[in-house]
Amino acid sequence: MSAPIRIRPDETFTLNVGPQHPATHGVLRVKMEMDGEYIVNAETVIGYIHRMHEKMGELKTYPQFLMNLSRMDYLGALGYSHGHVLLIEKAAGIEVPERAEYIRAITVELNRIASHLFWFGAFVMDLGGFSPLMYALQDREYILDMLEAVTGSRLTYSYYRFGGLYNDVDDDFIAAARRFIPRMRTSMKKYHKLVTGNIIFKKRLEGIAPLSPEIIRKYGATGAVARGSGINFDVRKNEPYSVYPEFDFDIPVFHECDSLARYKVRMAEIEQSLRIIEQGLDKLPGGPIMPEKKKPIKIAPGDYYQAVETARGSFGIRLVSDGGKTPYRLKLRSPTYSNMHLFDESCRGMLIMDALAFMGSLDLVIPEIDR
Amino acid sequence: MSLTLLNVIVAVFIAIAFAALNAAYLVWAERRGAARIQRRPGPNINGPFGLFQPPLDGVKLMAKQLLIPGDVDKILFMVAPVLAMAPAITSFVTIPFSSHIVGHNMHIGILLVFAFASMGGMALLLAGWSSRNKYSVMSSVRAVSQAIAYEIPMLITAITIVMITGTTDLMGIVKAQTGGFWHWNIFPFKAGLFNPLMLMSFLIFFICSLAETNRAPFDLGEAESELVAGFHTEYGSMGFGLFFMGEYANIVIGASLTTILFLGGWDCPFGLFPGVWWFLLKIYLLIATFIWIRWTFPRTTIYGLLNLSWKILIPASLFNLLLTAGLLKVF
Amino acid sequence: MGAYFSGIFSGLWSLFVGMGITFREFFSPTVTVQYPYETLKMTARYRGHIELIADEEGKPNCVVCGMCEKACPSSCITLAGEKPEGAKKKVLTGYHLDFTKCSLCGSCVESCNFNAIEFSREYNLASTRKEDFHFDLLQRLKDRNS
Ligand code: SF4
Ligand code: SF4
């Protein structure tokens, strides 16, 4: 028989949430110092699936590194690839045909919706509701089918090439995308009725985990996390790239700063992405999807940077070139890395169930943090 | 004397069989129901409509090795699952399924059922405590505070019914409601008593039975996104199986009690062919609602749950108790 | 006090709205594919592992130029070829794909200028042994031809 447990009133205990825990959705470990159900202190421990993407970037030639970007964030891969190709095109001075750029924008937005849908489902599942996940996955499946038909892959697309695309879209894709837009709008109504309006759901998120704009700035959080705290920052508007200036869309910003605000931002973003897709399909020009003649990538020595807005926030990619075949240094600034780190400070004093709901509202994708 | 004893023993056996059968097939129903709600077919491979799935699952669970982690308090660890199952089965003995089908009718039947129901909370506490797992301990603490918070409004509502019908005998309570659905306690026009709040009482009782049986949205004890699997994290094999069966047996008890107290037991809504089928129909409809609710809503928080009980359900049920007492005096 | 009651009622109402939605879904048709019993056809562009393309005579199109080997970011491809006496072109004698490392990126297919490799539509690949994923594509081509 084991020794009896002696209880001291001021005693705290350590709770290891993760690396394998249903709430962390990946191999993230949170070391929590608990006082009963209250968190005294928390420390996020990362690195369990570090894959050295940055180092690989230094070792591989530019085209060889293309596919790595779709393996950072397995839910919204195209956004990351977009950043990478834009950077190399900028650095090497490659002209991109307009059609390719439109298709990129459309597919990135589709992918953003897919990512938000998955997040929505997983988030509600964190809160204990299962069925919304299944409904969200149905809609997401539609997007994945569309993207699979075009790119040949469901998650790890590696669809963009320097200067253009790997494949052109066909009429089937365009028709499917057009069908998808009204379908998604109906589904959104369903989600709002089933989840957003639900009293239990609201009670769980309203006023929970307020993130002040100061703490957002301190940790450099971006994306829906920042926009849920009243910071109107979206790379697509603030540092326009690609063909985004051509589109008419809004950046949803909420000022409540709580978990519900972050939820609302993402749900509103789905609608905005639909608008972009709609306009993109209308304006889609004809023409080639790759430049006429392929040149080998040659990048003059220098320092290049490109930021894009992915589903999770602002993804930055910085390249230092020494003129060689491979980059001298490639730095990937992943948005979730910054978004996650405010968890440690913000979750103090919270109940564990609120803290895990808060973690869900940050939309963490662990492989993307660890890179 | 010896006849009663025999009666009880036979009843217990039947109750065990009934509970086990129910547990097995309610799991099936739950899985099928959840699947339909989520637009999938659910278990449909083994047998017609997947009907052989539950016995096969049972075989699988029994065939698994019973693991007892090294650090646990062995006796309590083994007792807990039994304790989760046994009271539920015992409660079946006193529940009247029809005017003839009852294991052993008692004058204090309603008290007995409540007494056994509260033992369920103890089973969870023991399971969590003896597991020596932090998640389990947290879960069992939650389960206990939840059980306390929800037994109060449940009992108050039950007392309201006892006052109306004037008996604690479950059989008597049903008999007081015979003769068509307008005589049921859920409706306000019960002869001689016009209490407009009975529907609310029914809702309170229903919510409390959800919470008592640890069903979603009150399944805080096993909130898997926070506490992994709650109090049964360390249980495998049939230990887990017993908890599972206990949960479903408790659901059947909760639905039966709701039926008896509010929906007229085996009474037919139109006064035709009263009998056990009406009782079964009513409890399975209630259970279907349990399942339906589980697959619709997210989970509440522990404080949301306590707030709901202390700030809404208890005052409301107390108010109804007072109102009923007043009305009884007037009419 | 009024807010207290309206809060309760609107909350309760929202719950019924949610239950209405799941009720409707309950009676909608299922949408899943019963996987081992039903399978989906892979799309034309589906990227499986690579396979050699044969010409009319069943000989591989490959001229052993080595472009795919060089393009592959994960070094999965190992080529072997020889130039028989008097022949103009090199002849492929071994095309080894280490599928354990392949990331299905498609660089090899894109880099090939001789239409010699393509993606297969195969996705039911599972094994407990690593060796099962070292493909000898030349052998597979022969098996296909025979
Ligand atoms: S698909 Fe990519 S990783 Fe696989 S063999 Fe071809 S080039 Fe190499
Ligand atoms: S690139 Fe094509 S032709 Fe050249 S070695 Fe590879 S498969 Fe053969």
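The values are calculated or read from the model by the stated rules, or taken from the named source; none is laboratory data. Bear in mind the structure is a predicted one, so any value in this text is a computation, not a measurement. Here Cβ is always computed from backbone atoms with ideal geometry, including for glycine, and neighbour counts include all displayed protein chains. For the accessible areas, the whole protein counts, side chains as well, though only heavy atoms, and no ligand, DNA or RNA atoms are used. Shrake-Rupley method; radii C 1.70, N 1.55, O 1.52, S 1.80 Å.
Just read off the accessible area of residue C:10 with the full protein assembly in place, 1.4 Å probe, to the nearest 10 Å².
Rounded to the nearest 10, that gives 70 Å².
Where a Cα-Cα gap under 20 Å defines reach, which lysines qualify for residue B:329, not counting those fewer than 8 residues away within the same chain?
Candidates past the 8-residue exclusion: B:190.
Largest first, what is the accessible-area ranking of B:273, B:244 with a 1.4 Å probe? Intermediate results must be reported in sequence, preceding the final value.
On the way: B:273 150, B:244 70 Å².
Putting B:273, B:244 in descending order of accessible area: B:273, B:244.
What are the ³J(HN,Hα) couplings of region B:161-166, residue after residue, when phi is run through the Karplus curve with 6.51, -1.76, 1.60 and θ = phi - 60°? Round to Hz, x for glycine and proline.
Once θ is set to phi - 60°, the couplings for region B:161-166 become 5, 4, 5, 5, 7, x Hz.
Based on the Cα atoms of region A:141-286, what semi-axes does the equivalent ellipsoid have, where each is the square root of 5 times one gyration tensor eigenvalue, given in whole Å with the largest first? Please list the in-between numbers first.
Values: eigenvalues 193, 82, 38 Å².
Three semi-axes, in Å: 31, 20, 14.
Give me the accessible area of residue C:146, 1.4 Å probe, in Å² rounded to the nearest 10.
120
So which aspartates and glutamates pass the test for residue A:189, namely a Cα distance under 15 Å, with those fewer than 8 places away in the same chain ruled out?
Partners within reach: A:139, A:269, A:271, C:25.
Find, among the GluC sites (Glu not before Pro) in region A:272-368, those assigned to loop by DSSP (not H, G, I, E, B) with at most 12 other beta-carbon atoms within 10 angstrom. Don't skip to the answer; put the middle values down first.
On the way: sites: A:278, A:292, A:309, A:345, A:368; in loops: A:292.
Counting only loop positions with at most 12 other Cβ atoms within 10 Å, the GluC sites (Glu not before Pro) in region A:272-368 are A:292.
So, counting K/R as plus one and D/E as minus one, what does the shell of residues with Cβ under 10 Å around residue B:96 add up to? Show your work: numbers first, answer last.
Numbers: positive: B:175; negative: B:169.
Charge balance in the 10 Å sphere: 0.
For residue A:36, what residues show an amide H to amide H distance below 5 Å, using hydrogens built from the backbone and excluding near sequence neighbours?
A:13
What is the distance, in nm, between label points placed 7 Å from the Cα along the Cα-to-Cβ direction at residue C:37 and at residue B:194?
Result for the modelled spin labels: 5.8 nm.
Using θ = phi - 60° and the Karplus curve 6.51 cos²θ - 1.76 cosθ + 1.60, what whole-Hz ³J(HN,Hα) does each residue of region C:107-113 get, with Gly and Pro shown as x?
For region C:107-113, the Karplus curve yields 4, 5, 5, 5, 7, 7, 9 Hz.
Where the accessible area of region B:67-330 is counted over protein heavy atoms with a 1.4 Å probe, how much of it, in %, is carbon and sulfur?
Details: 7340 of 9400 Å².
Result for region B:67-330: 78 percent of the exposed heavy-atom area is carbon or sulfur.
Under a crude label model (7 Å from the Cα following the beta-carbon direction), how far is residue B:281 from residue A:170 in nanometres?
The modelled label-to-label distance comes out at 5.6 nm.
How far is helix B:237-262 tilted, in degrees, relative to the longest principal axis of the Cα atoms in chain B, given as a value from 0 to 90 rounded to the nearest 10?
Once rounded, the angle reads 10 degrees.
Where Lys and Arg each count +1 and Asp and Glu each count -1, what net charge lies around residue B:255 among other residues with Cβ under 12 Å from its Cβ?
Details: positive: B:215, B:282; negative: B:212.
After counting each charged neighbour, the total is +1.
Chains A and C: buried accessible surface, both sides, probe 1.4 Å, rounded to 100 Å²?
Values: alone 16010 and 10920 Å², together 24820 Å².
Chain pair A/C: roughly 2100 Å² of buried accessible area.
Beyond 22 Å, how much of the Cα-Cα pair distribution for region A:202-350 remains, as a whole percent? Numbers along the way, then the final one.
Values: 5896 of 11026 pairs.
The answer is 53 percent, as a whole percent.
Quick one: plug the Kirkwood hydrodynamic radius of region B:67-330 (C-alpha pairs) into Stokes-Einstein at 25 °C, 0.890 mPa s, and report D in µm²/s. List each step's numbers first, then the result.
On the way: Rh = 18.9 Å.
Reported coefficient: 130 µm²/s.
At 1.4 Å probe size, put A:15, B:199 in order of accessible surface, largest to smallest.
Values: A:15 5, B:199 95 Å².
The residues order as B:199, A:15, largest area first.
Report, by chain and number, residues whose modeled amide H sits under 5 Å from the one on residue A:18, excluding near sequence neighbours (fewer than 5 apart, same chain).
Sorted by chain and number, the residues that satisfy this are A:30.
For region C:50-145, what ratio Rg/Rh do Cα atoms give with a Kirkwood hydrodynamic radius?
Numbers: Rg = 13.3 Å, Rh = 13.9 Å.
A ratio of 0.96.
Grab the beta carbon distance between residue C:113 and residue C:140, set R0 = 30 Å, and tell me the FRET efficiency rounded to 0.05. Mind showing how you got there, number by number?
Numbers: r = 22 Å, r/R0 = 0.74.
Computed FRET efficiency for residue C:113 and residue C:140 comes out at 0.85.
Could you work out how far helix C:2-26 tilts from the main Cα principal axis of chain C, as a 0 to 90 degree angle to the nearest 10?
40
Give the calculated FRET efficiency between residue B:144 and residue A:145 to the nearest 0.05, with a Förster radius of 51 Å applied to their Cβ-Cβ distance.
Details: r = 48 Å, r/R0 = 0.95.
In this case the efficiency is close to 0.60.
At 1.4 Å probe size, with no ligands or nucleic acids counted, give the accessible surface of residue C:47 in Å², nearest ten.
Answer for residue C:47: close to 10 Å² accessible.
So who's got an amide H within less than 5 Å of the one on residue C:94, skipping anything under 5 residues away but keeping other chains? H placed 1.01 Å off N, in plane.
HN-HN under 5 Å from residue C:94: C:80.
Rounded to the nearest 0.05, what FRET efficiency is calculated for residue A:59 and residue A:214 with R0 set to 35 Å and r the Cβ-Cβ distance?
Step by step, r from the Cβ atoms, then E = 0.30.
With a 1.4 Å probe, what is the total accessible area buried between chains C and B, in Å² rounded to the nearest 100? Provide the component values of the computation, followed by the final result.
On the way: alone 10920 and 15600 Å², together 24910 Å².
Buried area (both sides, nearest 100 Å²): 1600 Å².
When the accessible area of region A:202-262 is split by element with a 1.4 Å probe, what percent falls to carbon and sulfur? Walk me through the intermediate numbers first.
Values: 1240 of 2550 Å².
That share works out to 49 percent.
For A:322, A:139, give the ranking by accessible area with the largest first, probe 1.4 Å.
Values: A:322 90, A:139 5 Å².
Highest to lowest solvent-accessible surface, that is A:322, A:139.
Enumerate the whole-percent occupancy of each 20 Å bin, from 0 to the last occupied one, for all C-alpha pair distances of the protein assembly as shown.
Reading the bins upward from 0: 13, 39, 31, 14, 3, 0.
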